[in-house]
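Some notes on the structure that comes next.
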Amino acid sequence: METDLSLKGHNLNDSIHYLNGFLNTQNKKNNQLYFLINGSSEVMIPQYSTLLYMEVLSKKIMGPFPSINLKIITNDFPDMDFNSSGRNQKQKININLQLPKGVFSVMLSSPTPKNEVFLISIKYRAP
């Protein structure tokens, strides 16, 4: 059985997509904490896509919750830091960053909480 992917002339330009992942702070790679997004620490999306925002959820039920500091790593430009403004269980971080090559990683920057698990949802717009 074959699937028809022609979409009958419909165009998916400027469409919104989501990536999901997690991070366990006990699992360090080279003493750094990378989010596993769709099973990998490095992700490839269409070239010139725009990362809109990232939501990070702490799996802890009771606070206090740490402020989230993320680092976007790509070959397009130097590493960029993004910080949350609150200390809630679910924190939304606006990114608004276009990726010419479409390849990136997300790392939790210091200070890094110990023995915690975080979920991440990344919203991006395809060109």
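If I go through region 34-49 residue by residue, how many of them are farther than 9 Å from residue 102 by Cα and either β-branched (Val, Ile, Thr) or not in a strand (DSSP E or B) (or both)?
Final tally of qualifying residues: 6.
Of (1) free of Cβ contacts under 8 Å to residues at least 40 places away in the same chain; (2) surrounded by fewer than 18 Cβ atoms within 10 Å (Cβ to Cβ); (3) under 16 Å from the mean Cα position of the chain (by Cα), residue 61 satisfies all except one. Which?
All conditions are met except number (3).
Can you pull out every residue in region 64-82 that is assigned to a strand (DSSP E or B), crowded, with 16+ Cβ neighbours inside 10 Å and either in contact (Cβ under 8 Å) with a residue 40 or more places away in the chain or more than 12 Å from the chain's Cα centre (by Cα) (or both)?
69
Taking residue 106, is it modelled with pLDDT of 95 or more and of a type in the set (A, V, I, L, M)?
Criteria met by residue 106.
From the list 113, 64, which residue is at pLDDT below 90 and either polar (S, T, N, Q) or in contact with a strand residue (DSSP E or B) (Cβ under 9 Å, 6 or more places away or on another chain) (or both)?
Testing whether each residue is at pLDDT below 90 and either polar (S, T, N, Q) or in contact with a strand residue (DSSP E or B) (Cβ under 9 Å, 6 or more places away or on another chain) (or both) leaves just 113.
Of the conditions (1) touching a residue at least 40 places away in the same chain (Cβ under 8 Å); (2) of a type in the set (D, E, K, R); (3) in a strand (DSSP E or B); (4) more than 23 Å from residue 27 (Cα to Cα), residue 101 clears all except one; give me its number.
So residue 101 meets the others, but not (3).
When you look at residue 27, is it of a type in the set (S, T, N, Q) and either at pLDDT 95 or above or not in a loop (DSSP other than H, G, I, E, B) (or both), yes or no?
Criteria not met by residue 27.
The values are calculated or read from the model by the stated rules, or taken from the named source; none is laboratory data. Small disclaimer: the values here were computed from a predicted structure and weren't measured. No Cβ is skipped: glycine too gets one built from the backbone with ideal geometry, and neighbour counts run over all protein chains shown.
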